[in-house]
Structure formats: C-alpha cells, structure tokens
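Structure first, then comments.
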Amino acid sequence: MTENMRSLRNFFLYKCLFALTFWNHISLSMANELFKSDSNDFPEDGSDKKIKSLPLLYTNSHQSKANFDWVVIQNTTESLSLSEITNDNVKKLVALLSNFRQGSRLQNLTLTNMSVDWDALTEVFQTVWHSSIEYLNINSLTQLLDIKSYDFDYSGTSMKELTIKKVLITDLYFSQNDLYKIFADMNIAALTIAESEMIHMLCPLSNSPFKYLNFLKNDLTDLLFQNCDKLVQLEKLILQKNKFESLSKVSFMTSRMKLLQYLDMSNNLLSHDAADVQCRWAESLTELDLSSNQLTDSVFECLPVNIKKLNLQNNQITSVAKGMAELKSLEELNLASNRLADLPGCSGFMSLEFLNIEMNLILTPSADFFQSCPRVKELQAGYNPFKCSCELQDFIRLERQSRGKLLHWPEAYVCEYPEDLRGTQLKDFHLTELACNTTLLLVTALLLTLVLVAVVAFLCIYLDVPWYVQMTWQWTQTKRRAWHNHPEEQETVLQFHAFISYSERDSLWVKNELIPNLEKGEGCVQLCQHERNFIPGKSIVENIINCIEKSYKSIFVLSPNFVQSEWCHYELYFAHHKLFSENSNSLILILLEPIPPHIVPARYHKLKALMAKRTYLEWPKERSKRALFWANLRAAISINLPISFEANEEQSD
C-alpha cells in the first residue's frame, strides 16, 4: 500500500515538472473579458447573444514552430484564441481540440494566420465538428494545397456558426466542387466567407439549416444559387461587394428562399432593363439593401411587393413616377445620393413613415409632400442645392407646420442659389408676401399704375400740359418752316427794340401812354406791335414767334386782363422759351394793375415764377413818379439796332 502511494506521488510530481518545463514554450493569459457578437457574423436566432465572462488562452506568435506545444485546462476554458497555425503544429492543434469533446465548456475558437494545406484544414474542421465548439472564427487562411474531394462527417455536431475571412488559395488546379461542397453542406445555422475572392458557392444537396449566409466582398456573380430550392430556412443573406449585374436574376435567386427576410446587395454592379422578364422575389422578403449600384428609375418595376425597408442610396434614379410601383407595406425608403429633382409622392407608398432624400438635385421641394404622405414621421431632405426663391417659401412654411419631422433642420438646409445667398440657412431666408404672391403683385402694380395715371392726368389738367405740348409743337413747326423757306438766313437779325404783349382791354394805355413815350423823344425806340407789324397771310402764332425773335426785348403789360387773355399766354410762353434757349435777359414786366393771386390760372405757373424771381416795373398812379418810370424803361431796352436796318427804316419813312 505504501509502495503504491509512493508511485502515485512520483507520478504527480512528474506531471508537474512536465507542465513547468513546457511553460517556457507557451505563454498563458487567463483574462475575463466579454465576448461580444458582431451583427455581420451571427444570426438573429439567439446565437448572437453575449457569452459570459470567459478565460482566454493565447500563444506567443514569436515562438519557433518546432517547439510549439499545448497546455490543456480542461472544463474551465470557454473561449480559445490561437495564432500562427502551420502544417508543422496542426497535429498538436488537433490533439488539443480532441480533448474538448461534447459537454466541455469550450464554445468559441478563433484561429488567426493559418497556413495549412487542404488535408490539415479538413482535419481541423472535422475535429471541431465533433467537439463542444459552437463558434469557429478563422482569420487569414493561406496556402491551401492539394484540394480534393473529402467525405465530411457532419453528424452529431455542436457547431452553430463558422466565420472565415481572407482566404488565399495557392492551388491553381483543383475542382471547384471539391472546395465548395464541404461548405455548402454544412449543417450549421450561420456561415460567413468574406474577403476571399470566392467566385461561386454550390447549392446544398439537401434542405439546409442555414439561417444566415454572409459572402461579403467576394467575386460572386449572377450564377449564385440559381434554381436552388434547398435554402428553405435562410432568413438573412449578405452579398455585399460582389459582382452581381442583373436585378431580375437576383430576384429569381431569392424566389425559392421561402423564409428570407433580409437581403443585402449593396456595392454591386446591379442594373435593371425595363424590357427584362418580370422579377419574382421571395414573398417573405421585407428588408432589401440595393445601395451603391447602377440602378435607374426602372428599379421600381422590379421590387418585392411586401418590402418594408428599402435602401436605394447612391444610384442613378431621377424620378419616382406615379403609379410605377405599388409597395403598400413600405415603411422606410432611402433615396439619398441620387439625381432626384423633387420629393417623391406617396401614391404607391401609402404606409411610408421614413424617407431619406438627402444629397440629390432638389432646388425647390414640393410643399404638398406631407399632404400626399400623411403617415410620414421623419423626412431627411437636407444637403440639397436649394434655390432660395419664392417657390421655396412654401417649403419653409411646411417645416414650421411639420412639428419637427424634418431631420437635421436647420443645419442641413442651406441655400445654394442664387450666388449672393449661398450658405444662408433656409430658416434665415425671408421674402415679403408681396414679392412672392403673383396675384397680389399684379393687383398692387395695377393699382399703382392707376394712381400714377390719375396723378399725371390731374397734373396735366391742372398745369395745362397739353397746351404746353401744343405750343412746343407749333414753335418747332414754325422754326422748321422758316428754315426750309429761308435756309440762307441762319442768324436772326434784330429789327425792333421791343415787342409789346398786352391785353386788348389794356390797349388804350399802350397806345396813349406806352408807345408815344417810347417812340418819341430822345433815343427813338422801335416797337413791334401786332396791329402794325404782323404780316398778313401768316398765322398768328408764326407772327408772334417772328416778332419775338426779331425783337431785342419783350415787354409784357401785366394786369388782371392779361391773365385772362389766351394770346397773351402764347406770347409769354414763346418769350420765356427764348429766354432759356438763348440764355438772354429779354423779358421786361410792367405791372399795370395789381393781380390778385387767386385769379391767376394754374397754367400761368411760369408767370408766377417770373414775378417771384424777376424785378418788374410797376406803373405809378402818381404823375410825379412817371418820369422815373419811363427813364427806367428806356434804360432797360436801350440798344443800338443794326445800321442797315435803321437806314432802311429811315428811307421807308
């Protein structure tokens, strides 16, 4: 009995020494960390739940492969991560994994930087398949040689998910079926083969338990799973970043996947020709990602009828024609980064609740969007090249009425046009109601025009503008006729010292006082009087103009009678015209009788101006002051007429 106990003690001491010896070759790091699942790597059937705090076993990558050994800690490890797996140490890996039979606690295995041939890889898979491991992750798998058919035993496994990323196959001559068959027939819920340049995948031989397939960033084409009816439990399929081209073929691929709910076809080369055969999608499909493809408006003729979430971001869509698609279940639509010029209506999307139309070509969004889409809860329409004009005012008012339905307001809503408003947020852009209401603007313009016409008409009547226009016309015509009749007389020769303008009612004073006192006595003055100097045969207006132009001065005898005379007004107008046209001081005003302001007609505004600005001679009632009056008047008209004219006058006398 004592000998047996001594032998048993020696055995345990030997084992301890053995473990300490290999401790120098293997570094163990036991740490509690939370093993989190990734949404792209795990299905949604509960297998993506967080694992409890697990101890991890790591190996030092710098160790020599020849001295690579393993330490096994039975029934305590739930996650194991190993790296630098080669053909030299793969047998030890298989031996290690063989200790984790079903019922053990190890559930998660991660292998990084594997460089093994096909036989070694299949042996690792076969060992894992009959262990307690449920989740196997392989990152960076290279140098697969001698690929050949392998009769894999899938029975009695605990495996739920396999994830392989970055596979590099160096074997150039092998059967594709030998490679893909082992993966296609796996009896697990989730399979991921990503970033591996995979060009095909076989349809399983029997009904597959796959619920989740992720073939991200490979070289798969439209040939994938065509006429495949074995993926009867598949719920989520990710084919992002591959080389699919035909949307209709993708739809037929899904038509036999009776439970498919989510499909990611983003970042492919998909397009759809409206002349193609009609599309046929899985009726169970409710979420579809077609972003970053080459789809145009015709895509709406090839969509799943029961779709609820649709992502068409970053395509070449220019419009959503009314009646083109009837997606009665659609709740969320992403049309960002396309070429749309306006907000789409909801005639075919009556259940739409969320719409993203950012980064399109929308200048002035329709203001009736929420009326046509009453169930929309959130609209993302920012980052468009908005044209800040009257049409945009209705959309801005729409934001106030939407009660926060415009996402990213106001920072994402900025004026792009016109140039002077670029960078202005829409909330700070304002135009008056008059500037934007065409009817109101027309009515206002019409009223202003009518008011202007009324004012002009009133002023014309009050100031007798037609009369002045008529006088200007007559003066112009008279000058034109005179120039045509006597073109050689380009310069007018003065013949009279003064032309006398007076009312017939004041003719007695003119004939008895004015003319005798000026034409007789010292410095004989030649006066032009209409009764003796108007030329018969010419019009009165023409005679007036000729007399004024041939006279050095024009004497106006002002009285209440003068302002009542139409001809006196003519004479005053033409004399005033000469005053300004020749820049001369040719007017002499004689106030015969005081003129009450109220009796001066409105059209005599020139007379009022002259009397206000110019000095006039007032006829004195006292005889003692009249000598001074005549002296001042003579001095005002004192001028030497041309000698030839005075000589002619003396000879005629």
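The values are calculated or read from the model by the stated rules, or taken from the named source; none is laboratory data. For clarity, every value in this text was computed on a predicted model and none was experimentally measured. A quick note on method: Cβ atoms are made from the backbone with ideal geometry, for glycine too, and the neighbour counts reach across all protein chains shown. Keep in mind that these areas ignore ligands, DNA and RNA; they rest on the heavy atoms of the full protein, side chains included. Shrake-Rupley method; radii C 1.70, N 1.55, O 1.52, S 1.80 Å.
At a glance:
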| item | result |
| --- | --- |
| Residue that is farthest from E566 (Cα to Cα) [pool: residues in the range 519-544 that are at pLDDT 85 or above and polar (S, T, N, Q)] | Q526 |
| Selection count where residues are at positive phi and open to solvent by 60 Å² or more (accessible area, probe 1.4 Å), scope the range 290-309 | 0 |
| Check on L450, at pLDDT 80 or above and part of a helix (DSSP H, G or I) | yes |
| Long-range neighbours under 7 Å by Cβ, at least six apart or interchain, first residue closer than 15 Å to P596 by Cα within the range 538-563, second part of a helix (DSSP H, G or I) and open to solvent by 30 Å² or more (accessible area, probe 1.4 Å) | P560/I599; N561/R505; V563/I599 |
| Test result for K249, open to solvent by 10 Å² or more (accessible area, probe 1.4 Å) and over 34 Å from the mean Cα position of the chain (by Cα) | yes |
| Candidate set from the range 161-217 (those that are closer than 18 Å to N137 by Cα and basic (K, R)); member that is surrounded by the most Cβ atoms within 10 Å (Cβ to Cβ) | K211 |
| Sole exception among (1) surrounded by fewer than 20 Cβ atoms within 10 Å (Cβ to Cβ); (2) touching a residue at least 40 places away in the same chain (Cβ under 8 Å); (3) under 22 Å from S291 (Cβ atoms) for N356, by number | (1) |
| Residue list for the range 177-233, filter: more than 14 Å from E161 (Cβ to Cβ), out of contact with any helix residue (DSSP H, G or I) (no Cβ under 6 Å at 6 or more places or on another chain) and of a type in the set (A, V, I, L, M) | L179, I182, A184, M198, I199, L205, L216, L220, L223, L224, L231, V232 |
| Evaluation of W409 against (1) closer than 27 Å to L312 by Cβ; (2) outside any loop (DSSP other than H, G, I, E, B); (3) within 18 Å of the chain's Cα centre (by Cα) (one fails), failing number | (2) |
| Test: A282 is small (G, A, S), closer than 26 Å to S337 by Cα, in a loop (DSSP other than H, G, I, E, B) and in contact with a helix residue (DSSP H, G or I) (Cβ under 9 Å, 6 or more places away or on another chain) | no |
| Scope the range 359-387; condition in contact (Cβ under 8 Å) with a residue 40 or more places away in the chain and open to solvent by less than 20 Å² (accessible area, probe 1.4 Å); matching residues | F386 |
| Subset of the range 574-601 (residues that are modelled with pLDDT of 75 or more, in a helix (DSSP H, G or I) and of a type in the set (A, V, I, L, M, F, W, C)) | I599 |
| Subset of the range 166-185 (residues that are touching a Ser or Thr at 6+ places or on another chain (Cβ under 7 Å), within 18 Å of N218 (Cα to Cα) and not β-branched (V, I, T)) | K166, L168 |
| The range 597-616 residues that are hydroxyl-bearing (S, T, Y), paired with ones that are part of a helix (DSSP H, G or I) and at pLDDT 75 or above (beta carbon under 9 Å, 6 or more apart) | Y604/V563 |
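Here is a yes/no grid of residues against (1) over 15 Å from V525 (Cβ atoms); (2) at pLDDT below 70; (3) surrounded by 13 or more Cβ atoms within 10 Å (Cβ to Cβ):
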| residue | (1), (2), (3) |
| --- | --- |
| R603 | yes, yes, yes |
| K606 | yes, yes, yes |
| T615 | yes, no, no |
| E618 | yes, no, yes |
| I637 | no, no, yes |
